[in-house]
Structure formats: C-alpha cells, structure tokens
Amino acid sequence: MSDAVDFTKQGAIGVITVNSPPVNALSAAVRDGLGAAFDKGQADPDVKAMVLLGGGRTFIAGADIREFGQPPKGKPFHEVLLAMENSTKLIVAAIHGTALGGGLETALCCHYRFAVPAALVGLPEVKLGLLPGAGGTQRLPRLVGAEKALDLITSGAFVPAPQAKEMGIVDEVGDDLLAGAVAFAETLVAENAPLRKIRDIPCEADAGLFDTYRKANARKFRGFLAPWKCIDCVEAATTLSFDEGIARERALFMECVTSPESAAQRHVFFAEREVAKIPDVPKDTPMKDIKKVAMIGAGTMGGGIAMNFANAGIPVIMLEVTQENLDKGMGIIQRNYQNTVNKGGLSQAKMDQRMALFSSTTDLADIGDADLVIEAVFEKMELKKEIFAKLDGVMKPGAILASNTSTLSIDEIASATKRPESVIGMHFFSPANVMRLLEVVRGAKSSPETIATAMGIGRKVGKISVLVGNCFGFVGNRMLHGYTGEGTFLLENGALPQQVDKAIFDFGLPMGPFAMGDMAGLDVGWLVRKARAADRPTNEEYGGTIPDRICELGRFGQKTAGGYYDYKEGDRTPIPNPEVQGIIEQVSKEKNIARREFSEEDIVKRCLYPLINIGAQILAEGMAMRPSDIDIIYINGYGFPAYRGGPMAWADAIGLENVLADIKRFHAEFGERWRPAPLLEKLVAEGKNFASLQAA
Ligand code: T1G
C-alpha cells in the first residue's frame, strides 16, 4: 500500500482512504495506491464490498494538475478505473468536500455513490482548457442525459449533493460520511444489489441538440478550444459505442492537454492562487474582523462597491454630502438588485435581506464605529486628502481607511492622516459589484495587518485581491494607458477605429479600445489630459489630438449617443461616423503622416505589446510581485482572454526575443514611448522568460 492510500476493514466492508493533502489529487502515488487497495479488497475473502473515501477535507478533487506536461508515471488512470468498474465486489464512493474532475470520474466507476449534504460534485476540466478525460464525457450523459451533461461539462459547475441526487449522480445523501457509507454498502450487499455499470446505460439525444448548443454558445466559447471538444465528446456518447466514445474522448483530451490554450488556463489556475502569497505579509498575519463598512460616496462606484459587502452579509453605512445624493445612490442599488431579482438571479427575500443591511447618513460622525471605511469620491487629490483628514478624526482606533482611487498616490492620501499604517488603496473595477478584480494598493507605511485585512476582505466578498505598488495608475491602468494611447497613434498612422477594434476583439478581448472608450466615456480621459497638460513630459508624443477633437464636439461616447462611433437609441452597436473619420484623416495630414494599411497582426502588436513592455517596467520597479499577478489583473480587470494566460504568459508563449525584436522596431520608428524595458532586454540577453521571475 502506498502512503497515499490506506486499506482498512469495518466488518465485511473494505475501507479505502486516500490521504494525499491538500485535495487528494490523483497523483501517481494515489493511482498506484488505489490500484493496490482495490486488488487487496478483491483478494480478501472476508471483504463483501468496499467504500472509497478521501481523508482530510475532501474526496478526490481531480487529476494532479501539476503532472500535466510531465512524462507519464505511475499506474495509468484508466486502468485503475477499469479495475474498479469490473470489480466483482460492490464499491461505494463516499463523497465529502468536492468530488471534481477525475475525482467524480472515479466515483462514476464505483457502483454506487454516497455523499454528505454539503458535498459538491463537478467536472471543471474545461476551466483548465481540458475535458473530462477519464470517461466523464461518456458516463455523465448516460446518467443525467446529454443536455444536462453538456451544461455541466462545458460550464464546469459544482453541483451540491442534494441536487446531484435528484439528477441521479449520487444515490444516497446522509450525515455521517464513513458510517453512513459503510451502512449503505452493507444494505446494498444484504439486498444483493446489482454491480451497476454506467457504461451499460444507453444514451440518446434529439437530433440537432449539439448543433443548436454550439450556435447558442458560440459567443461564450469564442476563442476557447476545450468547450467545443467537450461538446464533440458528449455527442460521441450518443452516436458511438461506449468503447468508441472512450477512444474519441481520449483523442480529444490529448488535443486539449497539448494545446497552448490549456497551458495558459492551467497557468491561470495556479496564478489565481499565487496572488495571495505576499513575501513580507505571512499567511498567519492577523486580519481585523470587518463587521461594519462605511462607504463614502454613493455614486456608481460607491454603490457598486457597497453591494459587494451587503452581498456577503456585512452591514454598510452610506455617507453622502446631501440627502438627494443619498437617495439617488440608494435608488441605484435598489434598481441593481431588482434587475437581478427580475432576471431570476436573486430571490426577493434575499434582496430584502441585503437592502436591510444598508443605512445612510450625511453626518460624518455617524460612521466612526465602522471597521473599514472606503472612499469613492472624485479623483481629486485635494478632496481626498480633506476627507482622509476628517476620517482620521472620526474613525475609531484600528479602523482601516481605504481609498478606491484608480490612479492617485496612496502615500499622499495617507499623509493627510496620523495613522498612515491604517491607510490602503482598494481599487475596484466598474461595475464594482460584478468585476472580480480588486487591486490592493500598499502604501509605504501600510501595516502588514492592514494589507492582510484588505486582501482578506476582498476575497471574502468574492474578489480576486491582487497586491500592487503605489505608482500612477498602479498596475492595470498604468498598462492600459500604453494600450489605449497606441490605439490613437494607430489612427494617426492610417487605421480606423473599427479596424483596430475588430483586430482586438478577434484576439479575444471583449471589445477594442475605441468601443471601450465610448462605453466608459471619452470625457474622463479628456479631463485627465487637460489636467496633466502643464506637466506633460516634452519628449512624450501627444496621442490625445484625435480624442480631444472628438470631445470638443461634445461626443463623449454612448452617454452622448456618439463618440468614436454613433449609437442608435437603446442600441450599443458601434456605427462608424464619417465626421470622426474626417477628423482622423485631418490630424494625419496636419502631422504630415502618410496614412497606411495595417494587418490585424500589426494592430495586435502595436496595441498589446505596450502591456508587456510596461509590465516589465512595473516588475522591475517592484510595483507587482510577480508576472503572473499582472496576468491575473489583466484577465479579471480588463478581459484579457484566459486562454492566452495573460499578457506576460502570452509574451512568454510568443518568445521574449520575438517580442523584443518588434518593440525595438517600433522604438526605431516611433521613438521614446517604445523604448524597450531594461528587464525585457535583460531576460532576452540571459535566454530567460517572465516565468523565470516567478520563483523570485
Ligand atoms: N492538482 C494539483 N494541485 C491542486 C489541485 C489539483 N487538481 N487542486 C488544488 N490544488 C492545490 C492548489 O494549487 C493549492 O495549492 C491547494 O491545492 C489548495 O487549493 C482526468 C484531467 C478543490 C475546489 O479542476 O477547484 O481531473 O497554493 O487554494 O480554495 O478528467 O482547489 O496551497 O500550493 O484552490 O479550498 C480537475 C481544481 C483536474 C479542481 C479546493 N479538478 N481545484 O479549493 O483550495 S483535471 C479541478 C479546485 C482532471 C480528469 C481531468 C480547488 C478546490 P497551494 P485551493 P480551495
């Protein structure tokens, strides 16, 4: 028996326990151990049936993701599963925690399944750019039907045990995992229950189900590989024999597991977990208990941010300067919740519970007992410093003072208080109640406890918290500046907004820079450019000429029915505008630029390579802890496609020497803004990539 798997007996029931923390992943040791344990139970004449369970906090949570891309070792998984399914002794899977991926596939090769009520089951391989490669695409449709299997396999959703029982995935739900499963096995033996094999269940589907499903999900699965292969596998379960279906599944699994998309998505899986690891803020750093939050500003951002806390059951007091602003802000929150209720995403009772967690005031003195206060007012430093000075005098000792500023210095804001150790940035992304990303901006004096609390409360309210340094624009917006700026230079060089936006959309972002600008409002950038005009570096080319002229016409985007594009009433579809094209061509003429054609590849490099170059600068300055943090920021804050891994992983996949060669070419043609980041040059000179910095 390997250390990873124990075999014991309870009466006539063999108990097989996987002990491979933290999640009992199906490593080679576990697979070898399972094989040996089943052989032992099979050979023992006193054993009438067997129970398989996970030790620690969960059942088997899937294949060991770290083994993918490595040379195969240990007993092949499908051999272990075949031995179980063909066992002449009844096997019951006893599920707690999460039975996921290969874990659920193992349970489906047992003859019966027992689960505790809090258990979850699912086939989330698609999130890793994979498909259930151990029979899941052939067995699940036979259990729950092709249509439900399609949804479960292409979404990777986790199903609670009671619902899984209703669907037929689980046979029995009971409170005591081992005792319950052993009793269930004993009952089955006493009743001489059949050794059920899911493979023997027929599987049919309505003609056209799969093509209809493909069409209905084309936009959602755009650019991904795995969801499409999942559909093909489930379709095979309805058209081929079980063994032919298994062969088809294995072929398509190999196509996925060797694909760049899966390598990228597996990178993202681990990157999402790395963000929580902060070298100088250990995991056991005490976090403050946030029982009450105060929100300063009930505008779009303030309301959206506040909803996150109410959704997590944390009371929020809203502060505004006038009752009118309060009423308006609370109205927005009410409407947001009502829309969700109307769409069936929330019960009215839950909405009422959340609304009951809100209180509001125009009196600063009323918020002093909050454990965390988040300021979300206009991006004006003077105003923020005035507010933080007042907060310093009002908030109880130990309260955390956070700003939702998207670009301004946390250190300067903290300087307005006598407790800079309690000041931190919590930069949410609009719409704040939807976007997963939270940039936690550490000030020079932010204490480890303040940092740990901000990171932790972000996770508690469903965000992915990423710690960033205190520079202009922090990480995301600082890189965004390079991306959007290059887009306008492309217009001056000869491209049109619709060409740039199409190339970026086809690359995989949800929309291109001009459609995004029209959605966010062009006036926002216009105000920032005017505010910074006086101190703009003289050697920095100005990319704002075209958007300034568009704004001077009062064209701010969707909010004014026109910006770069026109928009019909109630329709967000961008329509190219000839007057805007005239402005673009006029600016090229004034700047003596001969307009030229650009391929989609040229456009992608010109718009997205600044993310890589600026990302390298950010890493060199220590404003991001690791390249994969930047990837997580761009995927969760800006819609960078997960199947490309994020800007830094994408650069590694292209090859940094290739990226640098193009950046040098752009530097020669366009000057300073394209100066290669020294870190990028260093890595290329040393034959390394961004991933080599992860261990740092
Ligand atoms: N392989 C390797 N390591 C894993 C792992 C896995 N499957 N799952 C988790 N870990 C690590 C994780 O990196 C972290 O490490 C620690 O365990 C705790 O994880 C053949 C091909 C189970 C719901 O996709 O969804 O089976 O950071 O922080 O929040 O068809 O982990 O501590 O060093 O996430 O409590 C399919 C992936 C695999 C499940 C627990 N299975 N895991 O969440 O803890 S492919 C999955 C999760 C497959 C078969 C196919 C979650 C969790 P570290 P954690 P958690």
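The values are calculated or read from the model by the stated rules, or taken from the named source; none is laboratory data. Computed from a prediction, not measured in an experiment: that's the story for all the values here. As a convention, Cβ positions derive from the backbone with ideal geometry for all residues, glycine included, and neighbour counts pool all protein chains shown. The protein model used for the area step is the full one, side chains on, heavy atoms only, and it has no ligands, DNA or RNA in it. Shrake-Rupley method; radii C 1.70, N 1.55, O 1.52, S 1.80 Å.
Annotations for the structure displayed:
- Residues of region 485-503 that turn out to be out of contact with any helix residue (DSSP H, G or I) (no Cβ under 6 Å at 6 or more places or on another chain), surrounded by 17 or more Cβ atoms within 10 Å (Cβ to Cβ) and not aromatic (Phe, Trp, Tyr), as a count: 6
- Options SER599, SER628; residue that is among the small types (Gly, Ala, Ser) and touching an Asp or Glu at 6+ places or on another chain (Cβ under 6 Å): SER628
- Single condition VAL524 does not satisfy, out of (1) over 15 Å from ALA495 (Cβ atoms); (2) in a loop (DSSP other than H, G, I, E, B); (3) among the β-branched types (Val, Ile, Thr): (2)
- Qualifying residue in region 500-511 (condition: out of contact with any strand residue (DSSP E or B) (no Cβ under 7 Å at 6 or more places or on another chain), of a type in the set (Phe, Trp, Tyr) and closer than 15 Å to TYR483 by Cβ): yes
- Looking across PRO315, PRO260, one residue alone is more than 16 Å from the ligand (Cβ to nearest atom), under 21 Å from the mean Cα position of the chain (by Cα) and in contact (Cβ under 8 Å) with a residue 24 or more places away in the chain. It is PRO260.
- Residue ID - farthest from the chain's Cα centre (by Cα), chosen from residues in region 327-380 that are within 30 Å of LEU527 (Cα to Cα) and among the aliphatic types (A, V, I, L, M): LEU364
- When residues in region 17-71 are screened for being of a type outside the set (A, V, I, L, M, F, W, C), surrounded by 24 or more Cβ atoms within 10 Å (Cβ to Cβ) and in contact with an Asp or Glu (Cβ under 8 Å, 6 or more places away or on another chain), 2 of them pass.
- Residue within region 282-305 that is crowded, with 20+ Cβ neighbours inside 10 Å and more than 30 Å from LEU391 (Cβ to Cβ) present: no
- Some residue of region 569-583 being within 30 Å of GLY223 (Cβ to Cβ), in a helix (DSSP H, G or I) and open to solvent by less than 40 Å² (accessible area, probe 1.4 Å): yes
- Given (1) more than 8 Å from the ligand (Cβ to nearest atom); (2) surrounded by fewer than 22 Cβ atoms within 10 Å (Cβ to Cβ), index of the condition PRO141 fails: (2)
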